[in-house]
1. In the stretch 165-174, is there at least one residue being without any contact (Cβ under 8 Å) to a residue 12 or more places away in the chain, surrounded by fewer than 18 Cβ atoms within 10 Å (Cβ to Cβ) and out of contact with any Phe, Trp or Tyr (no Cβ under 9 Å at 6 or more places or on another chain)?
2. Pairs needed: first member in the stretch 4-19, of a type in the set (Phe, Trp, Tyr); second member anywhere, at pLDDT 95 or above; C-beta distance under 9 Å; at least 6 residues apart or different chains.
3. If I go through the stretch 55-67 residue by residue, how many of them are without any contact (Cβ under 8 Å) to a residue 60 or more places away in the chain and crowded, with 18+ Cβ neighbours inside 10 Å?
4. Among the residues that make up the stretch 67-81, is at least one of them touching a helix residue (DSSP H, G or I) at 6+ places or on another chain (Cβ under 8 Å), more than 23 Å from VAL6 (Cα to Cα), small (Gly, Ala, Ser) and modelled with pLDDT of 95 or more?
5. Quick one: what pairs do we get from the stretch 33-54, first residue buried (at least 19 other Cβ atoms within 10 Å of the Cβ), second charged (D, E, K, R) and part of a helix (DSSP H, G or I), C-beta under 7 Å, 6+ apart or different chains?
6. Is it the case, given these coordinates, that ILE58 is in contact with a helix residue (DSSP H, G or I) (Cβ under 6 Å, 6 or more places away or on another chain), at pLDDT 95 or above and not polar (S, T, N, Q)?
7. From the set of residues in the stretch 1-40 that are assigned to a loop (DSSP other than H, G, I, E, B) and β-branched (Val, Ile, Thr), which is nearest to LEU91 (Cα to Cα)?
Amino acid sequence: MSPRKVGGHVSIAGGLTNSVKNTLDMSGNCLQIFAGSPRSWARNPFPQDQVQNFNKQIKQQNLTPVFIHALYLVNLASDNPNLLNKSYQALLIDLSNGQKINSAGVIVHIGSHQGRGFDSTKDQVVKLIKKLLKNTQDTPFIIENSAGEKNKIGSIEEINTLVNQINSPRVKICL
């Protein structure tokens, strides 16, 4: 029987490899990170030297799986073209960073339909996720449920609809 995986959401402040130390300090054996501030659109590719050191330390310490959580500002159901573009670009970088660090996936809250209803936004959400998958390699796109906030997309039924319509083995679910 394999050991239980217990970890937490840890900071990368000061560099990507600090998340390894932060995980070990809590006696964790897996981790989740933000690839930048969760409340800022600023996203950059991870520096290659940090990626190499991080991957080496993750392997040495057997800290897997590693997940990236997308920033909270993402809204793939928005009717604002600027917000949609920012959401797409941020997720594109998160998925690319996920590839670099062999992440088990990028965990994403889909966003809010802003009172327009899920049915009026699902085609847009499906189209954007398919585009993200087409323009990135391998890293799973993990749809996380919502806590039931008003207008948020993320019920089990809504996630099931999205997963079925996207129809990709890279799309996973986080509850």
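The values are calculated or read from the model by the stated rules, or taken from the named source; none is laboratory data. Computed from a predicted model, the values in this text were never measured in an experiment. A quick note on method: Cβ atoms are made from the backbone with ideal geometry, for glycine too, and the neighbour counts reach across all protein chains shown.
1. Step one: of the stretch 165-174, the residues without any contact (Cβ under 8 Å) to a residue 12 or more places away in the chain are 167, 169.
Now narrow it down to the ones that are surrounded by fewer than 18 Cβ atoms within 10 Å (Cβ to Cβ): 167, 169.
Next cut, out of contact with any Phe, Trp or Tyr (no Cβ under 9 Å at 6 or more places or on another chain) only: 167, 169.
Checked against the condition, which is being without any contact (Cβ under 8 Å) to a residue 12 or more places away in the chain, surrounded by fewer than 18 Cβ atoms within 10 Å (Cβ to Cβ) and out of contact with any Phe, Trp or Tyr (no Cβ under 9 Å at 6 or more places or on another chain), the stretch 165-174 yields at least one hit.
2. Going by the 9 Å Cβ cut-off, there are no qualifying pairs.
3. Narrowing the stretch 55-67 to residues without any contact (Cβ under 8 Å) to a residue 60 or more places away in the chain: 55-64, 66.
Next, only the ones that are crowded, with 18+ Cβ neighbours inside 10 Å stay: 58, 63, 66.
Number of matching residues: 3.
4. Filtering the stretch 67-81 down to residues touching a helix residue (DSSP H, G or I) at 6+ places or on another chain (Cβ under 8 Å) leaves 68, 70-71, 73-78.
Checking which are more than 23 Å from VAL6 (Cα to Cα) leaves us with 73-78.
Keeping just the survivors that are small (Gly, Ala, Ser) gives 77-78.
Filter once more, so that each one left must be modelled with pLDDT of 95 or more: 77-78.
Yes, the stretch 67-81 contains at least one residue that is touching a helix residue (DSSP H, G or I) at 6+ places or on another chain (Cβ under 8 Å), more than 23 Å from VAL6 (Cα to Cα), small (Gly, Ala, Ser) and modelled with pLDDT of 95 or more.
5. Close Cβ pairs (under 7 Å, with a partner that is charged (D, E, K, R) and part of a helix (DSSP H, G or I)) amount to ALA35/ASP94; ARG43/ASP94; PHE46/LYS100.
6. Working: in contact with a helix residue (DSSP H, G or I) (Cβ under 6 Å, 6 or more places away or on another chain): no; at pLDDT 95 or above: yes; not polar (S, T, N, Q): yes.
Answer is no for this residue.
7. Filtering the stretch 1-40 for residues assigned to a loop (DSSP other than H, G, I, E, B) gives 1-6, 10-17, 26-29, 35-40.
Subsequent filtering for residues that are β-branched (Val, Ile, Thr) retains 6, 10, 12, 17.
Values: VAL6: 26, VAL10: 19, ILE12: 18, THR17: 21 Å.
Here the residue is ILE12.
So that you can scan it fast, the table gives a plain yes or no per residue for (1) assigned to a helix (DSSP H, G or I); (2) crowded, with 20+ Cβ neighbours inside 10 Å; (3) at pLDDT 95 or above:
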| position | (1), (2), (3) |
| --- | --- |
| ARG116 | no, no, yes |
| ASP119 | yes, no, yes |
| ASP123 | yes, no, yes |
| LYS127 | yes, no, yes |
| LYS130 | yes, no, yes |
| LEU133 | yes, no, yes |
| THR139 | no, yes, yes |
| ILE142 | no, yes, yes |
| GLY148 | no, no, no |
